[in-house]
Every structure is written in C-alpha cells, then in structure tokens.
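The numbers here are math on the coordinates, done by the rules we state, and not lab data. Keep in mind that this is a model prediction, so the values were computed, not measured. Reconstructed Cβ throughout: ideal geometry from the backbone, glycine too, with neighbour counts over all protein chains shown.
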Amino acid sequence: MADDNKKPTSEEQENAVTDDELKQIAGDVSPPDEYPEGQADALEEALEEASDDGELTAVEEGVTSALRATEEAQDTAPVQAFDSAVSGIQSAIESIPGAPEEPQDAHAQPHLSDTTVLFGREFPYSIYTMVFFALGALTIIEVLMAELLASVEIIKIPLLLSIATAKSALVVIFYMHLNHDSRVFAVTFLVPVGIALLSVLFLLGIPAN
Amino acid sequence: MSQVAVEQHHHEMSAEEKARSIDNQKFAMWLFIASETVIFSTMIVAYIVFRIQEPEIVKGVHEALGLSGILLVTFNSFLLLTSSWAMVMGLREIQRGNRAGMIRWFWLVAGLGVAFLAIQYYEYVQMASKGITLYHDPSSEFAGFGMRFYAPTAFHGAHVFAGVLWCLLVMRRASKGVYDKNSVGVEIFGLYWHYVDIVWVLLFTLIYLI
C-alpha cells in the first residue's frame, strides 16, 4: 500500500505514457481470432510512435521479440498439433450428452414452484417436499418389510436393498440436482460407486474361513 | 502497458466466467464425494462380508436391540431425512432471495444434526451395555461385530458433526449477505449434507434391517 501512494519523480512523469495511449496501443494489438502476420511489426511501430525519443525500452523490445517469435512459430508442427489437441478436447466436451452448450444453462435455477404435477395431478407441495414424503414412506415400508419378512431372507434382502437404492437415487437426483446438472458430475459419482459394487462381488467370491 | 494488463486482468467476471467458476467448485465437491465413497465403501464392504459369513452373530445383535432399538434408529433416520429436506428448502429460499428464510431452515438442519448425534450416542451406550464393544472378545456372542459396526457409523457420525459446524458457518456467512447474489456456497454444503444422508440410508438398511 505504501508503494501505491509514492509520488512519481519528475523524470518518471515525463516518460510516462498516458492511459489513453496505452489503451490505444493495446487496442492495436488485441488478440486476433487467427494468426495474422505483421502484428509484431505493428506493435513495434505503435510503440515507437508513442515514445518521445523513438527508442523502445528493454521490456518493449522483449515483448515485440516474443510476438515475432510466436508469429514465426505458428506454422510449425508442434503449434499446429497443440491447436488440434485443444480443438479436439473442446469438441469432446461439447459432445458429452447433457453437457450444456452455454455454461449459463447449467446453472438455471432449480424448480422453485410451490406445486408439483405428478401423473397429471397437481399437488400443493414443492418437488422437494414430495420427495421428502416419498423418502418417509419408503423408510416405513422398509422397517415393516424387515419385520414381516424376517424369516424370508431371499425376498427380504433384495427388496430392502432395492428400496434403499431407490431412496438414495431420489436424494441424488432431486436434492443433489443431478437431474439438471452436468452429466460429468453424475459420472464422477457413479464411477466409484461402480468400483465399490465390483469389489463387493469380488469379495463375495472369497470363501469363508 | 503493465497498467493495461492489470486492468484487463482485474476486470469484472463475465457471466460465462462466473458459470465456469461455479462449475469448478461443484465439480471439486463431487470429486470429494467420490473419494468419500471409496472410503465408506471399504467399511460397508467389510460389514457385508461379515454379514454373509456370520449371519447368526448379526441376528443375535438384532435380537439384542429388539424392536424398540430398531424403532429408535428408525426415528433417528427420520431426523436425518428431515434435515436433508430442510437443507434443500433453505437452498430454495436463498435462491428466491429470502436470506432470513434460509437461515431459519438451516437452524433446523443444524438442530436435527445435533439431535441425530445425541441419539447415536445414546444408542452406543445401550449397545455397549449389551456387550457390543470395539474390543474383540472371541468368547463373546457378538464377537467381531463391534468393529464392523462402530467404524462406519462413527465415521458417519463424524461427518454429521463436521456438517453441523459447516452449517453454522454457512449461516454466519449468509447473515452477512455473502450468498445474496451467488448461492453456490450453500449448494456445495448441500451436496455434502445430502451425501451424508445417502450414506446413512445405506448403513441403516444394511446394518439394522438386513
């Protein structure tokens, strides 16, 4: 903060280029869509015109040299390969099903309505409350099934696992918004879940002691 | 020249840049959830293998718990499910621009989280009194169950505790208006809280009902 408040010397004030001049120079060399040649020369000329003595400072010479080197390198194989790779990655991301074309689309507000239409009928509750009712009902069904089918494990276990999976899916889809968020998030979550299920199957194959 | 560069660097974030930043934050949270899934999976898989290999011990534990014990845990599950609902209702309020409404819902989230932990502590005391302990006693009728039970449930409880603290922090930031224009911080906390809820849904079914 102290440096910011330091007053410039008279020599610095004489050599200082005004903000308008800087913006004009920067505007002349704004990044083009492609790689037009001659940008380095244009920058050098603009800087020389802006300078009082027509000489470039060391920094300005460095910048123009770097720009000139970039122009010379643009037709080389590595640069073209890099461009191709970046274009490929962009195309791959855009081709993911459900990936938003515009980033803003992914952040549309969730359903904020106070009513929910289900099977053609309108309920006076938000979708979040409807999901909560479903979760509560499924939990009650789970406990009842566990007690009523206590001795019939071959039916009880798959049934209870199915209900637990359905409850988890409701939370993930509606409360964690995977129904309208990017599919990349779903893949990120489902891959380790799949690995866990595979590990269960693998461990089930190991005989007991 | 440098002034121009600084000016360009510190310009206002465009809508597209903001959206990408939000994407990155949410993606980071999903990656964290993925890593948590791997950790919880090891404990859940260990329990499943024990359940398959020692069905009589698990049946003995369920009988020791009794219907009252199962109903108590069911009630606790309802507390966590309700806290998830309160969480998402709070998120809805802040997205509608109602900061006070969000904070009211989040008081409920934090309160239900604390109640869940209190009941879990009571349950632990009850189970310990019945001889279900971390200590592996080969002569016990519940031999080997304690570690398989306490490891995932206590690890989950630690997540609930961390979630309650995070909830209080979110409420404090919300009261200062941090989320008035951008509620992604609330949404990210919500992802965590709902994930903790999902883990409990699975633990409840696997440990207490099957």
What are the equivalent ellipsoid semi-axes of chain B, built from the alpha-carbon gyration tensor (square roots of five times its eigenvalues), in whole angstrom, biggest first?
42, 20, 12
Within the stretch B:81-135, report the chymotrypsin sites (Phe, Trp or Tyr not before Pro) that DSSP leaves as loop and that have at most 12 other Cβ atoms within 10 Å.
B:Tyr135
Sorted by chain and number, the residues with a modelled amide H under 5 Å from that of A:Phe123, at a separation of 5 or more or across chains, are A:Thr116, A:Val117, A:Leu118
Nearest 10, in degrees from 0 to 90: the angle of helix B:55-95 to the longest Cα principal axis of chain B is 10 degrees
Using DSSP to define loop residues, name the trypsin sites (Lys or Arg not before Pro) in the stretch B:43-123 whose beta-carbon has at most 16 other beta-carbon atoms within 10 Å.
B:Arg96
Residues with beta-carbon under 12 Å from that of A:Thr115, excluding A:Thr115: net charge, scoring Lys, Arg +1 and Asp, Glu -1?
-1
Placing +1 on each Lys and Arg Cβ and -1 on each Asp and Glu Cβ in chain B, then taking the dipole about the Cα centre, the residue among B:Leu209, B:Tyr47, B:Gly146 whose Cα reaches farthest towards the positive end is B:Leu209
If you add up the charges near A:Thr139, with Lys and Arg at +1 and Asp and Glu at -1, over every other residue whose beta carbon is less than 15 angstrom from its beta carbon, what do you get?
-2
Taking r as the C-beta separation of A:Glu49 and A:Phe82 and R0 as 41 Å, the FRET efficiency to the nearest 0.05 is 0.75
Gyration tensor verdict on the stretch A:116-204 (Cα atoms; rounded if a/c is under 1.5, prolate if a/b is larger than b/c, oblate otherwise)
oblate
Of B:Val186, B:Val58, B:Val49, which is the most mobile in a GNM of chain B whose springs link Cα atoms less than 10 angstrom apart?
B:Val49
Per-residue average of other protein chain Cβ atoms inside 10 Å, peptide A:138-148 -> 4
Compute the long axis of helix B:184-203 from its Cα atoms, compare it with the longest principal axis of the Cα atoms of chain B, and write down the angle in degrees, 0 to 90, nearest 10.
10 degrees
Which pairs in the list B:Lys26/B:Lys181; A:Lys156/B:Lys130; A:Lys167/B:Lys181 are over 24 Å apart, alpha-carbon to alpha-carbon?
A:Lys156/B:Lys130; A:Lys167/B:Lys181
Expected vector for the stretch B:151-167, Karplus 3J(HN,Hα) from phi with 6.51, -1.76, 1.60 and θ = phi - 60°, integer Hz, x for Gly and Pro, equals 4, x, 6, 6, 4, 5, x, 4, 5, 5, 4, 4, x, 5, 5, 4, 4
Rank by packing, highest mean first: peptides B:194-200, A:158-164, with packing defined as the count of other Cβ atoms within 10 Å averaged across residues.
B:194-200, A:158-164
With x for Gly and Pro, the residue-by-residue ³J(HN,Hα) of the stretch A:114-127, computed from phi through the Karplus equation 6.51 cos²θ - 1.76 cosθ + 1.60 at θ = phi - 60° and given in whole Hz, is 8, 10, 9, 9, 9, 6, x, 10, 8, 10, x, 10, 6, 4
Average beta-carbon neighbours from other chains, 10 Å sphere, peptide A:185-198
4
In whole Hz, what ³J(HN,Hα) sequence does the stretch B:39-50 give by Karplus (6.51, -1.76, 1.60; θ = phi - 60°), x for Gly and Pro?
5, 4, 4, 4, 6, 5, 5, 4, 5, 4, 4, 5
Reduced to Cα centres, the span from the stretch A:107-159 to the stretch B:143-210 in Å works out to 20 Å
Shielding by other protein chains, B:182-191, mean Cβ within 10 Å
2
